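Taking it in order: structure first as structure tokens, then the write-up.
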Amino acid sequence: MTTESTFTPEPVTLPPRPEFTIKHANIVSMDPAFGDMLDADIHIRNGQIVGVGRDLPIVGELIDASGMTVLPGLIDTHWHLWNSLLRGLVRDETGEDYFTVKRALGGKYELADFYWSARLALAEATKSGITTVHNWDHNVRSSADADLNIQAQLDSGLRGVFSYGPKDSCPEDELMDLEDLRRVVDFWDAQRTDGRINIGVAVRGPYRTPPQVYETEWAAARELGLPMTMHCDRCLREEGCKNCGLTRLGDLGLLGPDLQVVHAIHASTEDIAALAETGTRVSLSPITEMRSMGFPQLTELLEAGVPVSLSIDTTAFPTNADMFSQMRVLVATEAARTGSKIVSARRVMEMATIDGARDLGLDHLVGSISVGKRADLIFIRMSDLNLAPGKDPLELVVLAAQPSNVDTVIADGRLLMRGGELLATDTDALAATARACQDRLLAEAAG
């Protein structure tokens, strides 16, 4: 793989990881050992949670969380960061124009575009209370652009997974660059990534490639011990069927706990059973799914025992990084679609936190406020008008909160946002840079 251009971002200095004590928080821990606690405290040292309880002594810096609900940082499990520069360019009602726009502009990205598109999305994620992002990159055009995507995530201060995929225009009978995938795995080790970024593989699978391609890519991922992720938004070409054909993937030995299936909108009862039997995970992004694919089958997936998490997918439609909307849309939709009692506010919050961590293999580090885990926390201002005067913090957050209610964000023990303002990112300059990148892409496309 060769680079298309040269670009080196300015070095970013992240905030330190001080020792501090959070006092007087209303904690929604997502940890059965602690549950929900009113007027409680959290002690953090070197980026790790070392104490949770009431009346903890103040050690280090004091953070007063009075009037705040403190939750684990929200976790996105599928987001195409590279197309964040396309926001506002997809204008049709069904979202079909997304593919036209993506294909027209995806090949014109320069290295700076990849970096700033990711930084734009990750800054919005932080403002929205998302502290872990799965960068699902299905437009890796060069070694340098893969590296810059990872660097952008490191520079953001957030945690996540970078799933390496083919370029957007890759022919269906052509392998992704498996040699460069191996280079990425070797180069971006835990020391270089500050222990915050893992590597995965975005495979196209039988939906978009012939057997000689998907079998080789699957084998390479499993040889490297990497988790895989695959879109499942249309039927298997070999079957021409109306369901997902996931049973066929099971027969081929392609399903399993190392695979995340994205969407699975048209999965049949048999398909869902195959997912459950193999421990295959599903990531749902209901806002984009209902606009362009159909209703997510959340009730059926949960009743079958399929692990389910939530994701942003894309902001190109345009949408935004509002995980609160993803949660409440599912509660409302499933109440209308199935009358399900299983899809409660607490259940979707689990999907946005601890279940998301399990999906990405990070539940030993994040997903709950637990002693020994990393300090990825968000504070919600409960005094804001749209949350007053309610009493149940979790239900209020799921059913009424929005990104503007996020006051404070701590990621890996670093204060990235206080009082609703990012501390290490110039948002005005970032937005201006993103506009300039989009303008250049449009000018080049216009010839």
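The values are calculated or read from the model by the stated rules, or taken from the named source; none is laboratory data. As the structure is a computational prediction, the values presented were derived from the model and not from experiment. Ideal geometry is used to build each Cβ from the backbone, glycine not excepted, and the neighbour counts take in all protein chains shown.
Some observations on this one:
- Residues located in the stretch 272-284, provided they are hydroxyl-bearing (Ser, Thr, Tyr) and buried (at least 23 other Cβ atoms within 10 Å of the Cβ): Thr280, Ser283
- Any hit, the stretch 164-176, residues being farther than 16 Å from Leu86 by Cβ and assigned to a helix (DSSP H, G or I): no
- Scanning the stretch 65-74 turns up at least one residue that is assigned to a loop (DSSP other than H, G, I, E, B) and among the aliphatic types (A, V, I, L, M).
- Output for the stretch 58-94, where each listed residue is of a type in the set (Asp, Glu) and surrounded by 14 or more Cβ atoms within 10 Å (Cβ to Cβ): Asp76
- Candidate set from the stretch 395-447 (those that are touching a residue at least 60 places away in the same chain (Cβ under 8 Å) and among the hydroxyl-bearing types (Ser, Thr, Tyr)); member that is surrounded by the fewest Cβ atoms within 10 Å (Cβ to Cβ): Thr427
- Candidates are the residues of the stretch 219-256 that are small (Gly, Ala, Ser), at pLDDT 75 or above and loosely packed, with under 13 Cβ neighbours inside 10 Å; the one that is nearest to Leu360 (Cα to Cα) is Gly225.
- The stretch 197-211: number of residues that are part of a loop (DSSP other than H, G, I, E, B), under 19 Å from the mean Cα position of the chain (by Cα) and surrounded by fewer than 23 Cβ atoms within 10 Å (Cβ to Cβ): 1
- Among the residues making up the stretch 145-197, those that are among the acidic types (Asp, Glu) and within 18 Å of Thr8 (Cβ to Cβ) are Asp145, Asp147, Asp155.
- Some residue of the stretch 105-115 being assigned by TED's automatic domain parsing to the domain that holds Gln260, under 23 Å from Leu14 (Cβ atoms) and without any contact (Cβ under 8 Å) to a residue 60 or more places away in the chain: yes
- Residues of the stretch 393-426 satisfying the condition of being part of a helix (DSSP H, G or I) and touching a strand residue (DSSP E or B) at 6+ places or on another chain (Cβ under 8 Å): Pro393, Leu394, Leu396, Val397, Asn405
- Check on Val161, of a type in the set (A, V, I, L, M, F, W, C), crowded, with 22+ Cβ neighbours inside 10 Å, modelled with pLDDT of 95 or more and touching a strand residue (DSSP E or B) at 6+ places or on another chain (Cβ under 7 Å): yes
- Glu350 being farther than 21 Å from Gly157 by Cβ, within 19 Å of the chain's Cα centre (by Cα) and not in a strand (DSSP E or B): yes
- Per this entry, Arg119 is not counted among residues that are within 15 Å of the chain's Cα centre (by Cα), among the charged types (D, E, K, R), closer than 18 Å to Leu362 by Cα and not assigned by TED's automatic domain parsing to the domain that holds Val397.
- Close Cβ contacts (under 7 Å, 6 or more residues apart or on different chains) running from residues in the stretch 74-96 that are free of Cβ contacts under 8 Å to residues at least 60 places away in the same chain to residues that are surrounded by fewer than 21 Cβ atoms within 10 Å (Cβ to Cβ) and not polar (S, T, N, Q) comprise Arg91/Asp97.
- Those residues of the stretch 372-394 which are under 20 Å from Leu38 (Cα atoms) and surrounded by fewer than 23 Cβ atoms within 10 Å (Cβ to Cβ), in sequence order: Arg381, Met382, Ser383, Asp384, Leu387, Ala388, Pro389, Gly390, Lys391, Asp392, Pro393, Leu394
- Residue, farthest from the chain's Cα centre (by Cα), within the stretch 33-57, restricted to residues that are hydrophobic (A, V, I, L, M, F, W, C) and exposed (fewer than 12 other Cβ atoms within 10 Å of the Cβ): Leu38
- Among (1) touching a residue at least 40 places away in the same chain (Cβ under 8 Å); (2) within 21 Å of Tyr207 (Cα to Cα); (3) in contact with a Pro (Cβ under 9 Å, 6 or more places away or on another chain); (4) crowded, with 18+ Cβ neighbours inside 10 Å, the one test that Phe295 misses: (4)
- In the stretch 42-54, the condition of being within 19 Å of Thr131 (Cα to Cα) and either without any contact (Cβ under 8 Å) to a residue 12 or more places away in the chain or among the aromatic types (Phe, Trp, Tyr) (or both) is met by no residue.
- Condition met for Arg141 (out of contact with any helix residue (DSSP H, G or I) (no Cβ under 6 Å at 6 or more places or on another chain), free of Cβ contacts under 8 Å to residues at least 60 places away in the same chain and more than 25 Å from Arg374 (Cα to Cα)): no
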